[in-house]
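First the structure, in the form of structure tokens, and then the observations on it.
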Amino acid sequence: MAFSATLYNCADDPKVLNKTLTGGYPVNSIVPTEACDILSPTFILNYNSNYTTCNYIVVGAPFNRSYFITDMKIDIGKKIEIDCSVDVLGTYKD
């Protein structure tokens, strides 16, 4: 299963409801690692140097959630592995 997302930079406090997101690097194909926890997933992306400065990601269907990027690893084969934690305020603000 692969889906799309957009990576951003966010300098706001995590307690802010409407976060200011800058950058906006679309990713057309994200692959979750194995069985994926929807609240704190790990994703594998193709390497792009712009991604390495991002700290926020908005993931499309089937997740439809916003996440803080908590850790990022550059892997072999031009891959980036990112660990995420759900942004409850950003995800459920509606």
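Summary table below
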read-out: Of residues in segment 1-38 being closer than 16 Å to ALA61 by Cα and in contact with a helix residue (DSSP H, G or I) (Cβ under 9 Å, 6 or more places away or on another chain), the one surrounded by the most Cβ atoms within 10 Å (Cβ to Cβ); value: LEU7
read-out: Every pair of residues 6+ apart whose Cβ atoms lie under 9 Å, when the first sits in segment 6-28 and is in contact (Cβ under 8 Å) with a residue 12 or more places away in the chain while the second is hydroxyl-bearing (Ser, Thr, Tyr) and in a loop (DSSP other than H, G, I, E, B); value: CYS10/THR20
read-out: Output for segment 29-59, where each listed residue is in contact (Cβ under 8 Å) with a residue 40 or more places away in the chain, more than 18 Å from CYS10 (Cβ to Cβ) and of a type outside the set (A, V, I, L, M, F, W, C); value: THR33, THR42
read-out: Selection status of THR70, among the β-branched types (Val, Ile, Thr), without any contact (Cβ under 8 Å) to a residue 12 or more places away in the chain and closer than 25 Å to ASP94 by Cα; value: no
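Here, each number is a calculation from the coordinates, and none is a lab measurement. The structure displayed is predicted, hence computed values, not measured ones. With ideal geometry, Cβ positions are generated from the backbone for all residues, glycine too; neighbour counts draw on all protein chains shown.
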